[in-house]
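Engineer: To start, I am sharing the structure in question, which I have written as structure tokens.
No value in this document is a laboratory result; all are computed from the given coordinates. Note that the coordinates shown come from a computational prediction; the quantities given were computed from them, not determined experimentally. Note: ideal-geometry Cβ built from the backbone for every residue, glycine included; neighbour counts use all protein chains shown.
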Amino acid sequence: MIVIDKVAPTARELRPIQRGWGLIHWVGCLPVWLPMLAVLAFGVTVSVLARGALPPFLMTGFLVLTFAAWRLSGRLAQHVCMSEARKAPVGGLVWNWTIDEQGFVFDNGLQTNRLDWRGVKTVREEKDRFVFLVSPANNPVLPVRLLEAGQLEALRGLITQITASGRLGGGVDYVARPSDKIDP
């Protein structure tokens, strides 16, 4: 059993994942990048059609300012969302993790979550974090900096063992029994 207390990933450690869920990542990015690409295509089209009739740097300035406003608004939205999340009753609490052969448990005193290894698609080890791919919208992050050397080796060994046994991601083939269904 591996116990890690006071887990509170930094913003850098909570960065979006780039791989692991396949096509859904890129399709999910379309609403973010498509409007900016449309503005760029519009700007290039207008510049080509105007053939020098526009004042110098008007279109370039427009594109640069639009891009800057787009990025700034995204950062502002992210800041406001993170600020509101910290105000939530469980927003500022640290989590205690317990990882064993059955799965892992997150607990912060007000909320406890248990996840069986079969519910984890895979575990990605990056240089500063472990990312547990549970669903495209839920990927718990465990910072490497919080693990002692023995815990780090134990976690790697456990992940290797769970993967070899076929339990990691085994829930993909899970068939619900009638008793598992929730009545409406």
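Engineer: With no solvent and one equal point scatterer per Cα, compute the Debye intensity ratio I(q)/I(0) for segment 23-87 at 0.14, 0.19, 0.23, 0.29 Å⁻¹ and report its log10, rounded to two decimals.
Structural biologist: Values, matching the q order: -0.58, -0.83, -0.98, -1.16.
Engineer: Quick check on the exposure proxy: order M82, M59 from fewest to most C-beta atoms within 10 angstrom.
Structural biologist: Fewest to most other Cβ atoms nearby, the residues stand as M82, M59.
Engineer: Right, here's the next one. Let me check the size of segment 1-53 from its C-alpha atoms; what are the radius of gyration and Dmax in Å?
Structural biologist: 20.7, 71
Engineer: Can you compute the helix-only [θ] at 222 nm over the chain? Use -39500 (n - 2.57) per DSSP H run of at least 4 residues, normalise by all residues, nearest 500 deg cm²/dmol.
Structural biologist: Helix-only estimate at 222 nm: -14500 deg cm²/dmol.
Engineer: For the pair M36 and M1, how long in nm is the line joining their label points, each one 7 Å along Cα→Cβ?
Structural biologist: Result: 4.7 nm between the two label points.
Engineer: Between L58 and R15, what is the label-point separation in nm under the 7 Å Cα-to-beta-carbon projection?
Structural biologist: So the two model labels end up 4.0 nm from each other.
Engineer: For the pair E148 and A85, how long in nm is the line joining their label points, each one 7 Å along Cα→Cβ?
Structural biologist: For the pair E148/A85, the computed spacing is 3.0 nm.
Engineer: Something else now. Assuming 0.36 nm per residue, please report the length gained on full extension of the stretch L93 to D116 beyond their Cα-Cα distance.
Structural biologist: That pair, L93 and D116, stretches by 6.0 nm at full extension.
Engineer: How many percent of the alpha carbon pairs in the chain exceed a separation of 19 Å? Each step should come with its number before you reach the end.
Structural biologist: On the way: 11886 of 16836 pairs.
Within the chain, distances greater than 19 Å cover 71 percent of Cα pairs.
Engineer: Would you look at the GNM of the chain, springs on alpha carbons closer than 10 Å, and say which of V48, V80, V141 moves the most?
Structural biologist: The residue with the greatest mean-square fluctuation here is V48.
Engineer: Then there's this: Given Cβ point charges of +1 (Lys, Arg) and -1 (Asp, Glu) and nothing else, what value in debye, to the nearest 20, does the dipole of the chain about its Cα centre take?
Structural biologist: Values: 20 positive and 15 negative charges, 136 e Å.
Dipole of the chain, to the nearest 20 debye: 660 debye.
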